[in-house]
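Asks: To start, I am sharing the structure in question, which I have written as structure tokens.
Only the coordinates and a few stated rules stand behind these numbers; no lab work does. The model shown is predicted, which means the values in this text are computed figures rather than measured ones. Neighbour counts run over all protein chains shown; Cβ positions are idealised from the backbone, glycine included.
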Amino acid sequence: MSTTPMNRDPKSNVRTEERIVVLGGVPLSGEVPISGSKNSSLPILAASLLASRGQCVLHNVPDISDVGTMCDMLVALGADVRREGQTVIIDAENLSVHRAPDELVRTMRASFYVAAPLLARLRRAEVPLPGGCVLGDRPVNYHIDAFRKMGAEISVEHGAMHAHAPRWEGATIYLEPRNSSVGATVNIMMASCLADGETTIENAAREPEVVNCASFLNKMGGKISGAGTSTINISGVKVLSGAEHSIFNDRIEAGTFLAAAGITGGDVTVRGLAPSHLPVYLDRLGEAGLQITSGDDWIRACAVGPLRATDIATAPFPGFATDLQPPFLTMMCCSEGRSAIEENLYDGRFNFVSELTRMGADITRKENVAIVRGVAKLSGAVVESSDLRAGAALVLAGLGAEGRTEVTKIEYIDRGYENLVAKLRGLNAQVVRQTVELPLLESSGRVNETPHLRSAAG
């Protein structure tokens, strides 16, 4: 499930590191099955802690490192967790620990999802403020403010939230209308299921991941209505029980492969996703010159001519997803003309732009807008992932570039993409994972000479 990004033998003068190596210039072609959604799996795994009786059986759970981290978190809190293929079975009847391990929360922002189940069931929670990808300021103040409205007494000390709930009651909670928070919406839904009385979330996030989580909570015995709209209502119940549920497929993974078709001049069909999960994104792909066709559970992107520069602005669903901005920006690097990419959600989302410029991209930034002027071709280089989506975008850049590209810090990519290299190879991409040996003095992830390759895996 996980990758070891770096190993060091104390008796050796070298260290090892895994990389994704790409030889560009090959148009992708074929069909690719989409895995279960990372952004849906993580809150639903956390929600299983709300079941005080019976097991939760979750199907179509992707085999990615973030899921492994969340499963480790559930075990640390007293749940029994086992995995059988794509199914994860959780028994949380003996939930007993209210303190989330610091080392797990700090590696993954979604670990903060456990705060709501802990407060709702144990009326206590100590959860470190979360870490994860470096995408700028993403405060959890909406979560904390909501917990306070529901009766929790909270202090934030030494980098952690300390909460005690002598009472746990429904409330009317308003979220920021301009930037509705999926994390806050889901945490409030989970918290409210076991609260006394009624809870209303105004300006709720409308993402499909919110709807999927609400469906699971209702199967457990919750009473939630309005998920998928800007107003969600929850009637508290006394007990939630285990349930069986399937995670839907990952719209961000699907969008990444569709962008790969564009940047390589290829023809790619993704299987297992409803087009309604990517409404604006598909429109923008069409504006960029791709021929988009779709059915109930498939989408095809076919390059029929040169890419056209296309402006985008990220926004909450049903707008252009921020997680799909990096692959789209990368595709625009090879378009004809000038495009403006406006990032309205995470100020760190452009951290990877400097790596694209190393590959020959022409990008200038002004505050939250990146101006991209298309070039004839990108050039292969050694580049470094700064976060999950940036890492995948750099792999795409390598697919469309001339020569050899090596993407380092691929542990970020493993957090959210299941078998990315194998799936790309199934589309005829020239790409492998390789373990390289590097001098101990080298710390930047970039080397001036070709590293020694110890092994390769597809």
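Asks: What is the fewest-to-most order of Tyr412, Tyr142 by other Cβ atoms lying within 10 Å of their Cβ?
Replies: Tyr142, Tyr412
Asks: While we're here: Given q = 0.25, 0.29 Å⁻¹, what are the Debye log10 I(q)/I(0) values for the stretch 285-334, with equal point scatterers placed on the Cα positions and solvent ignored?
Replies: -1.09, -1.17
Asks: Suppose each label sits 7 Å from its Cα in the direction of the beta carbon; what would the Ala76-Glu93 distance come out to in nanometres?
Replies: Those two pseudo-labels are separated by 2.6 nm.
Asks: Okay, moving on. Determine the principal axes of the Cα atoms in the stretch 38-246, then give the extent along each, sorted from largest to smallest and rounded to whole angstroms.
Replies: Here the spans come out as 40, 36, 32 Å, largest first.
Asks: Give me the extension gain from Asn368 to Lys219: residue separation times 0.36 nm, minus the current Cα-Cα distance, reported in nm with one decimal. All intermediate terms of the calculation are to be shown ahead of the outcome.
Replies: Details: separation 149, 0.36 × 149 = 53.64 nm, distance 4.09 nm.
That pair, Asn368 and Lys219, stretches by 49.6 nm at full extension.
Asks: What nm distance separates the two modelled labels at Ser155 and Glu202, each placed 7 Å from Cα along Cα→Cβ?
Replies: The two pseudo-label positions are separated by 3.2 nm.
Asks: Apply the Debye scattering formula to the stretch 208-331, with a single equal point scatterer on each alpha-carbon and no solvent, then give log10 I(q)/I(0) at q = 0.14, 0.19 Å⁻¹.
Replies: With one equal scatterer per Cα and no solvent, log10 I(q)/I(0) is -0.66, -0.98.
Asks: Within the chain, how many Lys pairs sit with Cα atoms under 20 Å apart, leaving out pairs fewer than 8 places apart on the same chain?
Replies: Details: Lys38/Lys409; Lys38/Lys423; Lys149/Lys223; Lys149/Lys238; Lys219/Lys238; Lys223/Lys238; Lys409/Lys423.
Pairs that pass both the separation and distance tests number 7.
Asks: Between Ala340 and Arg271, what is the spin-label point distance in nm, taking each point 7 Å from the Cα along the Cα→C-beta axis?
Replies: Each label point lies 7 Å from its Cα, and together they span 4.2 nm.
Asks: Another question about this same structure. Based only on other Cβ atoms within 10 Å, what is the fewest-to-most ordering of Leu217, Leu396, Leu23?
Replies: If I rank by nearby Cβ atoms, fewest first, I get Leu23, Leu217, Leu396.
Asks: To the nearest 0.05, how large is the calculated FRET efficiency for Val237 and Gln434 if R₀ is 56 Å and r is the Cβ-Cβ distance?
Replies: Step by step, r from the Cβ atoms, then E = 0.60.
Asks: Taking 2.2 N^0.38 Å as the expected size of a compact globular protein, what ratio does the Cα radius of gyration of the stretch 11-59 give against it, to two decimals?
Replies: Expressed relative to 2.2 N^0.38 Å, the Cα Rg reads 2.12.
Asks: Now for a separate question. For the chain, what is the per residue volume of the convex hull drawn over the alpha-carbon atoms, in cubic angstrom?
Replies: In the chain, the Cα hull volume divided by residue count equals 137 Å³.
Asks: For the stretch 203-250 and the stretch 371-411, write down the distance between their C-alpha centroids in whole Å.
Replies: 37 Å
Asks: Is it possible to state the helix-based mean residue ellipticity at 222 nm for the chain, with each DSSP H run of 4+ residues giving -39500 (n - 2.57), the sum divided by total residues, to the nearest 500 deg cm²/dmol? What is it?
Replies: Helices in the chain give a 222 nm mean residue ellipticity of -8000 deg cm²/dmol.
Asks: Grab the Cα-Cα distance for Ser354 and Arg106, subtract it from 0.36 nm times how many residues apart they are, and report the gain in nm with one decimal.
Replies: Working: separation 248, 0.36 × 248 = 89.28 nm, distance 2.58 nm.
Fully extending the segment from Ser354 to Arg106 adds 86.7 nm.
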